[in-house]
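Reading through the structure tokens given below for one structure.
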Amino acid sequence: EAQVTQNPRYLITVTGKKLTVTCSQNMNHEYMSWYRQDPGLGLRQIYYSMNVEVTDKGDVPEGYKVSRKEKRNFPLILESPSPNQTSLYFCASSPGQGNQPQHFGDGTRLSIL
Amino acid sequence: GDSVTQMEGPVTLSEEAFLTINCTYTATGYPSLFWYVQYPGEGLQLLLKATKADDKGSNKGFEATYRKETTSFHLEKGSVQVSDSAVYFCALSGNNFNKFYFGSGTKLNVKP
């Protein structure tokens with residue numbers, strides 16, 4: 001089954017404790033992206049990747065890092081999480097450039113205390 | 001910069017009513033436009049898309065027409081069902097095809 005898998009689905013942690021949210025897709029997609037969803041703001045793009053070793057900033061990259069060492073994986077790293085990063089995070093992928101329809105994971109709800 | 005504005009919700013309708021969710025956009029050039037739907041506890045799913053002016057996207061009874069003259073991409077359905085209850089997001093991909101912009105989402109509640 002074609003899917004985008006995120007882990008963990010839920011995480012409660014404390015300020016400053018480094019965390020990684022993993023994202024993996026099994027569709028051989030070139031493009032992957034991370035978003036955060038906040039009430040009243042919709043989804044905002046954090047980072048995206050056009051292919052292995054090629055990443056770029058979205059609209060809200062501050063406080064986040066990403067890497068794309070393999071085509072299928074695109075982890076989101078919070079080196080020193082803060083409470084304003086409490087949010088619902090989605091990973092997505094598409095076959096080519098971002099203007100193609102994206103497949104989304106089921107989301108990761110992060111709470112930073 | 002590029003942006004999407006959609007009507008605030010929630011929108012509450014009775015089953016079989018007509019649905020319109022307004023979406024307008026700001027973008028240079030010729031963006032691609034999308035509607036995504038999010039059911040509770042799930043990620044977003046593509047509902048329909050349009051890539052050039054006057055294109056009409058359609059799926060599952062939903063339709064939206066790309067209107068460049070009014071910079072709009074309103075979502076419509078002639079007869080909604082309880083199962084259509086969800087949050088609907090309008091989105092665009094502009095001149096930088098790799099950057100995506102979403103509206104704030106409109107929650108639709110359909111009552112039997």
Students often get this wrong: which residues of the stretch A:1-40 have the backbone nitrogen under 13 Å from the point 7 angstrom along Cα-to-C-beta of residue A:77?
A:18-22
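What does the average come to when, for each residue of peptide A:42-51, you count the partner chain Cβ atoms lying within 10 Å of its Cβ?
On the way: counts 12, 11, 3, 5, 0, 0, 4, 1, 2, 0.
Partner Cβ neighbours, averaged per residue: 4.
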Relative contact order computed over chain A (Cα-Cα under 8 Å; 6+ residues apart), in percent
36
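So for B:75, A:41, B:46, what's the accessible-area order with a 1.4 Å probe, most first? Don't skip to the end; give the middle numbers.
Working: B:75 0, A:41 90, B:46 60 Å².
If we order B:75, A:41, B:46 from most to least accessible, we get A:41, B:46, B:75.
Within the set of other residues whose C-beta is less than 14 Å from the C-beta of residue A:59, count the net charge using Lys and Arg as +1 and Asp and Glu as -1.
Charge balance near residue A:59 sits at 0.
If you roll a 1.4 Å probe over chain A with all protein chains in place, what percent of the accessible area is carbon or sulfur? Present the calculation step by step, with values, prior to reporting the outcome.
Values: 2590 of 5270 Å².
About 49 percent, which is the carbon plus sulfur part of the accessible surface.
Given Cβ point charges of +1 (Lys, Arg) and -1 (Asp, Glu) and nothing else, what value in debye, to the nearest 20, does the dipole of chain A about its Cα centre take?
Details: 12 positive and 10 negative charges, 55 e Å.
Value, rounded to 20: 260 debye.
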Toward the positive end of the charge dipole of chain A, about the Cα centre and with charges on Cβ (Lys, Arg +1; Asp, Glu -1), which of A:13, A:37, A:91 goes farthest?
A:13
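Using a 10 Å cut-off on Cβ to Cβ distances, tally the other chain neighbours for every residue of B:32-41 and report the average as a whole number. Mind showing how you got there, number by number?
On the way: counts 5, 1, 4, 0, 5, 0, 5, 0, 0, 3.
Neighbouring Cβ atoms belonging to other protein chains average 2 per residue here.
Length gain on complete extension for the stretch residue B:55 to residue B:16, per 0.36 nm per residue less the alpha carbon to alpha carbon distance? The partial results should precede the final answer.
Working: separation 39, 0.36 × 39 = 14.04 nm, distance 2.59 nm.
Working it through step by step, the gained length comes to 11.5 nm.
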If you keep only loop residues by DSSP, which chymotrypsin sites (Phe, Trp or Tyr not before Pro) in the stretch B:1-34 have at most 11 other Cβ atoms within 10 Å of their Cβ?
B:18
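With r as the distance between the Cβ atoms of residue A:88 and residue A:14 and R0 = 22 Å, compute the FRET efficiency 1/(1 + (r/R0)^6) and round to 0.05. Working shown, then result.
Numbers: r = 19 Å, r/R0 = 0.86.
Efficiency at R0 = 22 Å is approximately 0.70.
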If the only charges are +1 at each Lys and Arg Cβ and -1 at each Asp and Glu Cβ, what is the size of the charge dipole of chain B around the Cα centre, to the nearest 20 debye?
200
Which whole-angstrom value gives the distance between the alpha carbon centres of the stretch A:1-55 and the stretch B:21-87?
24
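The values are calculated or read from the model by the stated rules, or taken from the named source; none is laboratory data. In this text the structure is predicted, and so the values were computed from the model without any measurement. So basically every Cβ, Gly included, is an ideal-geometry build from the backbone, and we count neighbours across all protein chains shown. Only protein heavy atoms, including side chains, enter the accessible area calculation; ligands, DNA and RNA are left aside. Shrake-Rupley method; radii C 1.70, N 1.55, O 1.52, S 1.80 Å.
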